[in-house]
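A.B. asks: Encoded as C-alpha cells, here's the structure I'll be asking about.
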Amino acid sequence: MEDRFDNQAALRRRRLLQGALALSVPGIARAAPTPWPTKPLRLIVGFPAGTSPDFLARVFADPLSRELGQPVIVENKAGAGGAIGVDAVAKATDGYTLGLTGNGPLTSAKTLNPKLPFDVARDLRPISLLAVSPFVLTGSMTLAGNDLPSVIANARTQGDKLNYGSIGQGSGSHLAMELLKSLTGIKPVHVPFQGFPQVATAMVGGQVDLGFMVPSIAVPLAQSGRLRILGVSTASRSPVLADVPPIAQALSLPTFDVAGWNAIFAPIGMPEAQAVKVADALGRIARAPETRQKLFEQGWQSLGTAPEGLARKIKDDTALWGGIIRSAGIRSE
C-alpha cells in the first residue's frame, strides 16, 4: 500500500516539475506569438484619386509597406464626404484593414447626420494624425479693403451682399467661415461648390467674394495676381505660409485656430499592440526628410503622431465643430 502511495506522489511531483519547466522554457508552454502582419494590408481612402487624402495615402503607403514587411494596398471608396470609406473600415473584421480620411468624417459628420451607420468612439481605433494644413482665407481682386481688418470692416457694412464659396455643406471650408462669421459679425452668403478648383475659378471670375481654400490652390493664383490671400486659419504662422499673418493675430481673435488634417485609423477590433506598431512606423516615415519635403510642396506639415495625439485632436475638433454646426443650424445636404 505504501509503495502505491509513494508511486502516486512521485508521479504528481514529476508532472508538476514538467509543468514548471514548460512554463520556464519559451515555446514549450505555448507557441511564440506570430509576428504581425503576415499578409498585405488594405488602406481604404474615402475620397477619389487626386484629392489630398489620396495624395497622402500614396506618399505613406510604399514606405509603410517597407516598415511592416508587407504590401499596403491603397483602395479608394469615395462618397458621402468620406463617410462611405470610414464605414467600410468600421465594418472590417479581417485584422488587415486601415483607413485614411480628412477630419470631417471623424469630427463633424455625426453632428451633421446623426443617422450615419458608424460611431467614431465606438467603432474606430485612432492610429496617427499624419499631416495638417492651414486653410487660407482668400478674396477676389475686386474685394474692398487693403488688409484683412479693413476687408472685415467693409464686409460688416455689406450684410448679405457678399458671398463666400466652400467645397460643400458641412465641409471644413464651410465651417471655418461660419466660425469667422460668428466671431466678426460679417454675413456673407454661403455658395457651395464641388471642390476647391471650382471655388477658385468662381473667385477669379468675380462671382465669389471670399473663401477658405487649401494652400496648393490659393498660393499659385495669388502669385499670379488673380486673387488675394488675406490670412491663415491657424493661431500661429504656418511653416508652409510663413509670410502670411494668422487671422487670430490680424483680427485679435485668439480662439480662431482651425486647420484641415488627415489621419490613419483602424477598426476598434485591432489590438492595441498592432495599432502602436503601425503608429510608430508612420511616425518614422513622417519624420523622414523626403516625406516632409513632399508634403511641404503641397502645403502640408508632416506630423505622424501617436494614437493618443489623434484621439485628442478628434475630441477637441468634434467639440469645436459640433458647437458651430448647432449654433448655425447646419445640416447635411
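Here, each number is a calculation from the coordinates, and none is a lab measurement. Remember, it's a predicted structure, so these values are computed and weren't measured experimentally. Don't worry about glycine lacking a Cβ; one is built from the backbone with ideal geometry, like all the others, and counts go over all protein chains shown.
A.B. asks: Based on what the data block shows, is Q158 of a type outside the set (A, V, I, L, M) and within 24 Å of V132 (Cβ to Cβ)?
C.D. replies: no
Residues are listed down the side, and each one gets a yes or a no for (1) among the small types (G, A, S); (2) surrounded by fewer than 19 Cβ atoms within 10 Å (Cβ to Cβ); (3) free of Cβ contacts under 8 Å to residues at least 12 places away in the same chain:
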residue: P192; (1), (2), (3): no, yes, no
residue: T201; (1), (2), (3): no, yes, yes
residue: G205; (1), (2), (3): yes, yes, yes
residue: V208; (1), (2), (3): no, no, no
residue: M213; (1), (2), (3): no, no, no
residue: S216; (1), (2), (3): yes, yes, no
residue: L230; (1), (2), (3): no, no, no
residue: D243; (1), (2), (3): no, yes, yes
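A.B. asks: Okay, moving on. Does the range 127-142 hold any residues that are over 15 Å from L221 (Cα atoms) and assigned to a strand (DSSP E or B), and which are they?
C.D. replies: The answer is I127, S128, L129, L130, A131, V132, S133.
A.B. asks: Same structure, new question: Quick one: is D94 in a loop (DSSP other than H, G, I, E, B) and among the charged types (D, E, K, R)?
C.D. replies: It is true that D94 is in a loop (DSSP other than H, G, I, E, B) and among the charged types (D, E, K, R).
A.B. asks: Name the strands (runs of 3 or more DSSP E) wholly within the range 201-281 that hold at least 1 residues that are closer than 26 Å to R58 by Cα?
C.D. replies: Here the list reads 210-213, 260-267.
A.B. asks: In this structure, does G139 turn out to be closer than 23 Å to L179 by Cα and not aromatic (F, W, Y)?
C.D. replies: Spelling it out, G139 is indeed closer than 23 Å to L179 by Cα and not aromatic (F, W, Y).
A.B. asks: Could you check, for the range 37-57, whether at least one of its residues is part of a strand (DSSP E or B), under 17 Å from L124 (Cβ atoms) and touching a Ser or Thr at 6+ places or on another chain (Cβ under 6 Å)?
C.D. replies: yes
A.B. asks: Listed residues A275, A328, A263; which is surrounded by fewer than 17 Cβ atoms within 10 Å (Cβ to Cβ) and of a type outside the set (S, T, N, Q)?
C.D. replies: Answer to the selection: A328.
A.B. asks: So for the range 178-186 (the condition being more than 24 Å from the chain's Cα centre (by Cα), part of a loop (DSSP other than H, G, I, E, B) and farther than 15 Å from G139 by Cα), does at least one residue qualify?
C.D. replies: Within the range 178-186, one or more residues are more than 24 Å from the chain's Cα centre (by Cα), part of a loop (DSSP other than H, G, I, E, B) and farther than 15 Å from G139 by Cα.
A.B. asks: Considering only the range 147-166, I want to know if a residue exists there that is among the polar types (S, T, N, Q) and part of a loop (DSSP other than H, G, I, E, B).
C.D. replies: no
A.B. asks: When both residues are 6+ apart or on different chains and their Cβ atoms are under 6 Å apart, which pairs have a first residue that lies in the range 248-259 and is under 19 Å from G172 (Cα atoms), and a second that is assigned to a helix (DSSP H, G or I) and of a type in the set (D, E, K, R)?
C.D. replies: Within 6 Å, no pair qualifies.
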